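Q: My structure is below; once you've seen it, I'll send some questions.
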Amino acid sequence: MSTAILTGQPAPGSSLEGDLRSLGFEVRVATDAADAETLLAAVPAEERVAVVDARFVGHVHALRLGLTDPRFDAAAIPGAVTARPAARPALTRALRTASDDASNGSVVVGILADRIAEVLDSDLHRPELGELVAEVPRDPQARNEARQAVSLVDDEAIRLRTAVKSRDGFFTTYCISPYSRYIARWCARRGLTPNQVTTASLLTALIAAGCAATGTRAGFVAAGLLLLFSFVLDCTDGQLARYSLQYSTLGAWLDATFDRAKEYAYYAGLALGAARGGDDVWALALGAMVLQTCRHVVDFSFNEANHDAAANTSPTAALSDKLDSVGWTVWVRRMIVLPIGERWAMIAVLTAFTTPRITFYALLIGCAFAATYTTAGRVLRSLTRKAQRTDRAAQALADLTDSGPFAEFLARPARGVRIGGPAVMALVAGALVVGASWLAPYGSWWPVLGAAAYVLLSPVALRRPLKGALDWLVPPLFRAAEYGTVLVLAAKADVNGALPAAFGLVAAVAYHHYDTVYRIRGNAGAPPHWLVRAIGGHEGRTLLVTVLAALLAATDFKLALTALAVAVALVVLVESIRFWVTAHKLGAPAVHDEGEPA
């Protein structure tokens, strides 16, 4: 329960108390500043509390934005200020200061909320209200004018409009959001939570994958339709979170994690369906997952390296900003990177009307073009900008490399070695192990030698802080090397079941890498060191897979990949779920992803 403390003289006919109760506040009335301080002290420490001027006139949604957003510890709008438990001490000190001012005549109780907000200013979130009204009129005429302004603006229409993500893809913006926002409102009015909608989206996608796995035309058509409906629900959960301000750390993690699980499970369903028809496309399915995951790691690494960098400008970025001023180029540039809306729409349509092989070919070509376009643009930006990266960014990149015990052991002696830049060394290391796996026959020891060289070069990520212009490329290059090695060796084994086992292993490892990203994004730090060591790090897993391929017969190699996939999945899933559930229960800061569509 939350508590709102009303201060000052109430206005005749005001609906403020009812509005606050509709937002979940228990209302208390303070006769003066000292009484407000007493009432604040009586509110349990674990509850949200708000101080509101009793003369407030404004939209209910303005109060909602100012007083109920769980992402901010303290927030204010004109005439109202609120604090979550973490900011209660600051609010208490500010109220005491305002109370002292009131007692010596420098402020009256009627503007107590605004005085508190002034004291809290540096640690205060002030939401953008736009057309919404939030005022504290000082006389009857001003009050009547404010009430007329409220009646002229439909806050429900604004609430629906702002429920849609401000930056999204063309397909989502024009084909989904015009009606999914109303589904979000329908869910809100029935008490459904974003997490429940997220779970429904996952279940729908899994059913779609099951339909695709039947291998029949009817199954493929049903799979395409269900995949699109799953995406509608995927948009709805975020819109519901914005509409009702139901943000949470757990919700953001579920939304991001389930998106990956839905897409990759659908790839597996398509591969199973193709196999029923006599067409083996597991290599294409695994290649699509590898390419898509590496694309995401490029996005994550670049953003982490640059979002808090100083002097972070470049001619390339300036050109991009200029192009954004030309309306049609914005949509073209968003579409050609094949974001989740366009990608899922393409997959759904091709599933319904073509074959899994054609679907994967189109997906691979589209994602390869998008990856080339985005990576080339970011490389150009990095080479032309004079960014000064922070220690936090360098640590985030080091965590994203997922370096294990071999890299740590070799890092100290490697510090004195003068070699090329980290990105160049990561590229060379990856090319050695993937190239050796590609060129040598199954069972050869050449891939093991390539992996040994990969291990020896892996400390490049730990030799010095990753603050160079292109150091953000190190994590995606390591991802491509590890995943690519597994893909090539499984394909070389040429035995039924090897590629599905490899798909499972890469999926388990990719989950760990995505989980690392979401923790860093949520300011929760990287996964614990013991977890990274337990699953070997990228260099340890790569070496292990090449040794298994050299020692074991193809059938045994398939079983070994399956066992390794199960072991990695169990360890990372148990630790990850425990971490996020615990963080949610302990009241971790709520987050919500408003970034570029994945």
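Q: Each label point is 7 Å from the Cα along the Cα-to-Cβ direction; what then is the distance between the points at residue 45 and residue 157, in nm?
A: Output for this residue pair reads 4.8 nm.
Q: Follow-up. When the Karplus curve 6.51 cos²θ - 1.76 cosθ + 1.60 is applied with θ = phi - 60°, which whole-Hz ³J(HN,Hα) does each residue of segment 433-445 get, with x for Gly and Pro?
A: Each residue's phi maps through the Karplus curve to give 6, 5, x, 5, 5, 6, 7, 8, x, 4, x, 6, 8 Hz.
Q: Rounded if a/c is under 1.5, else prolate if a/b beats b/c, else oblate: with a ≥ b ≥ c from the C-alpha gyration tensor eigenvalues square-rooted, which is segment 1-141?
A: The shape class here is rounded.
Q: While we're looking at this one, here's another question. Working out 0.36 nm times the residue gap between residue 559 and residue 190, then minus their Cα-Cα distance, what length gain in nm do you get to one decimal?
A: Here the segment from residue 559 to residue 190 would lengthen by 128.0 nm.
Q: Now for a separate question. Counting DSSP beta bridges with both partners in the chain, what percentage is antiparallel, nearest 5?
A: Of all bridge pairs located within the chain, approximately 50 percent are antiparallel.
Q: Still on this structure: Per-residue counts of other Cβ atoms within 10 Å, averaged by peptide: what ranking do you get for 483-490, 335-342, highest first?
A: My ranking of the peptides, most packed first, is 483-490, 335-342.
Q: Run through every distinct alpha carbon pair of the chain and return the Kirkwood hydrodynamic radius in angstroms, one decimal place.
A: 26.6
Q: State in Å² the accessible area per residue of segment 460-541; use a 1.4 Å probe, count heavy atoms of protein chains only, and round to the nearest integer.
A: Accessible area per residue, segment 460-541: 30 Å².
Q: For n ≥ 4 DSSP H runs only, could you compute -39500 (n - 2.57) per run for the chain, divide by its residues and tell me the 222 nm figure to the nearest 500?
A: Only helices count here, giving -22000 deg cm²/dmol.
Q: Name the residue from 270, 248, 233 whose Cα lies farthest towards the positive end of the charge dipole of segment 230-281, charges +1 on Cβ of Lys and Arg and -1 on Cβ of Asp and Glu.
A: 248
Q: Here's another thing I want to ask about it. Taking Cα pairs under 8 Å and at least six residues apart, what relative contact order does the chain come out at, in percent?
A: Rounded, it is 13 percent for the chain.
Q: Pull out a ≥ b ≥ c, the square roots of the eigenvalues of the alpha-carbon gyration tensor of segment 202-260, then state rounded if a/c is under 1.5, prolate if not and a/b is larger than b/c, and oblate in the remaining case.
A: Prolate, because a/c is 1.5 or more and a/b exceeds b/c.
Q: Can you pull the accessible area of residue 1 for me, 1.4 Å probe, Å² to the nearest 10?
A: Accessible area, nearest 10 Å²: 130 Å².
Q: Show the residues, 5+ positions off or on another chain, whose built amide H is closer than 5 Å to the amide H of residue 6.
A: Result for residue 6 returns 28, 29, 30, 52.
Q: Let me ask another. Just to be sure I understand the model, the point goes 7 Å from the Cα along the line to the Cβ. What's the resulting residue 280 to residue 439 distance in nm?
A: So the two model labels end up 2.6 nm from each other.
Q: Once phi is turned into θ = phi - 60°, what whole-Hz ³J(HN,Hα) does the Karplus curve with 6.51, -1.76 and 1.60 give for every residue of segment 568-583, x standing for Gly and Pro?
A: 3J(HN,Hα) across segment 568-583, in whole Hz: 5, 4, 4, 5, 6, 5, 4, 5, 5, 4, 4, 4, 6, 5, 5, 4.
Q: Based on the alpha carbons, how large is the Rg to Rh ratio for segment 531-591 when Rh follows Kirkwood?
A: 1.19
Q: On to the next question. Size of the dipole of segment 493-598 about the Cα centre, Lys and Arg at +1 and Asp and Glu at -1 on the beta carbon, nothing else charged, in debye to 20?
A: Rounded to the nearest 20 debye, it is 320 debye.
Q: Would you kindly derive the ³J(HN,Hα) couplings of segment 520-526 from the backbone phi angles with the Karplus curve 6.51 cos²θ - 1.76 cosθ + 1.60 (θ = phi - 60°), listing them in order in whole Hz, with x for Gly and Pro?
A: Listing the rounded values in order: 5, 4, x, 6, 9, x, 6 Hz.
Q: Taking 22 Å as R0, compute the FRET efficiency from the Cβ-Cβ separation of residue 449 and residue 395 and round it to 0.05.
A: 0.10
Q: Within the chain, what whole-number % of the accessible surface is contributed by carbon and sulfur, with the 1.4 Å probe and all protein chains included in the calculation?
A: Here carbon and sulfur together make up 63 percent of the probe-accessible area.
Q: Ok, one more. Applying 1/(1 + (r/R0)^6) with R0 = 25 Å to the Cβ-Cβ distance of residue 86 and residue 21, what FRET efficiency is obtained, to the nearest 0.05?
A: For R0 = 25 Å, the calculated efficiency reads 0.55.
Q: Grab the eigenvalues of the alpha-carbon gyration tensor for segment 100-248, scale each by 5, take roots, and send me the semi-axes largest first in whole angstrom.
A: Taking √(5λ) for each eigenvalue gives 47, 17, 12 Å, largest first.
The values are calculated or read from the model by the stated rules, or taken from the named source; none is laboratory data. Small disclaimer: the values here were computed from a predicted structure and weren't measured. Please note: Cβ atoms are built from the backbone with ideal geometry, for glycine as well, and neighbour counts cover all protein chains shown. Quick note on the areas: whole protein, heavy atoms, side chains included, nothing else; ligands and nucleic acids left out. Shrake-Rupley method; radii C 1.70, N 1.55, O 1.52, S 1.80 Å.
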